[in-house]
Amino acid sequence: MMHGIVFFKTAVLPIIREFYVRVLELPIWLDQGACTIFRNGNLLLGFCQSENAETEGTITLFFPNRSAVQEAYKKHESLALEPPKDNPRFSIYHFWAKDPEGRNLEFQSFDHPLEPHLSLEDGLMQRRSIRHYYPSPVPDDILNKVFELCRYSPTARNLQSYYYIVIKQREALEQIVNLRGPAGDPILASPYAIAVVARGDLARRKVQDACIAAYHLLLAAKAFGLGTCWVTDMDRDEVKSILNIPQDDYVACLTPIGYPAEEFALPKRHEVSSFVRYL
Ligand SMILES: Cc1cc2nc3c(=O)[nH]c(=O)nc-3n(C[C@H](O)[C@H](O)[C@H](O)COP(=O)(O)O)c2cc1C
């Protein structure tokens, strides 16, 4: 596996550093003195002090949706060359600006689903429980790519005891939600749902295997821009009968899966000091 950095020469490193840190708020990933490398999501962007600046090309910063581009525009209006607009040729929404040395900066969102690009760190932070979805179902080829990532979920003794049931039958989902009550409603909010199960006849730790496989699915789905929501209390005889699951297997959860019709700012959570102890 490889990773990458794109470097530009700059004639005014301190000014560039100030601009990318203070104005664009890109965190510094590595400061090497004569070179500063910034990180923005999957982008590693380096500037090195030199006699001449390299200003050709375009630095594109992309956002999850149009409203985020509009927000970026509000924030950087003084740098922008014009307001955001559609570019139907590439199915994008964007605006242009310049950095202090005249490099092209583009702020954009894509109007179509993307292959994975989130860093693991961003995925872990930005996954949220999604309870509202667009009606278009996840195409089978995308779903298969999600399941390809699910192959690497850890299991006790590597027994790989977990399995997923893709439930497209509306009637079955409605029966399950009726059993579960309102906390189960997210299951009906997307075109279909997935049950995450571990085999009782195979697993040494069926509860742990199934729960980890469930979280692995939630994160794999996030990598493809898909929403999910863990709906619990599904390890019930009635649910197993509806889904034709052996009684000895363990059902960790059902989750809707689909394209999120809601988005959230990063939530407030407990400080690390409140949940980490050192002995
Ligand atoms: C074990 C577990 C059980 C959950 N059960 C439900 C549920 O039955 N229904 C529901 O809507 N959300 C359920 N959730 C989602 C939580 O409400 C959600 O994870 C929590 O509020 C934090 O929000 P976030 O997932 O957006 O970070 C469950 C989550 C976990 C981990």
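Here is the figure for region 1-22: residues that are under 29 Å from P116 (Cβ atoms) and in contact with an Asp or Glu (Cβ under 9 Å, 6 or more places away or on another chain) total 3. Of the residues making up region 219-228, just one is surrounded by fewer than 22 Cβ atoms within 10 Å (Cβ to Cβ) and either within 12 Å of A172 (Cβ to Cβ) or within 12 Å of the ligand (Cβ to nearest atom) (or both), namely L219. Restricted to region 172-245, the set of helices (runs of 4 or more DSSP H) holding at least 3 residues that are within 28 Å of E263 (Cα to Cα) comprises 186-189, 206-223.
If I filter region 254-265 for residues that are in the same structural domain as K168 (by TED's automatic domain parsing), modelled with pLDDT of 95 or more and assigned to a helix (DSSP H, G or I), do I get at least one hit? No: region 254-265 contains no residue that is in the same structural domain as K168 (by TED's automatic domain parsing), modelled with pLDDT of 95 or more and assigned to a helix (DSSP H, G or I). One residue stands out among those in region 229-247 that are more than 25 Å from the chain's Cα centre (by Cα) and within 12 Å of the ligand (Cβ to nearest atom): the one that is nearest to S161 (Cα to Cα), which is D235.
A count restricted to region 174-195 and to residues that are away from the ligand (no atom under 11 Å from the Cβ) and either under 12 Å from R131 (Cβ atoms) or out of contact with any Leu (no Cβ under 6 Å at 6 or more places or on another chain) (or both) stands at 10. Of the residues screened, L279 is one that is free of Cβ contacts under 8 Å to residues at least 40 places away in the same chain and more than 26 Å from H117 (Cα to Cα). Within region 82-126, the set of residues being at pLDDT 95 or above, over 17 Å from A68 (Cβ atoms), outside any helix (DSSP H, G or I) and touching a Leu at 6+ places or on another chain (Cβ under 9 Å) comprises K98, D99.
The values are calculated or read from the model by the stated rules, or taken from the named source; none is laboratory data. All values derive from a computational prediction rather than experimental measurement. Heads up, the Cβs are rebuilt from the backbone with ideal geometry, glycines too, and the neighbour counts pull from every protein chain shown.
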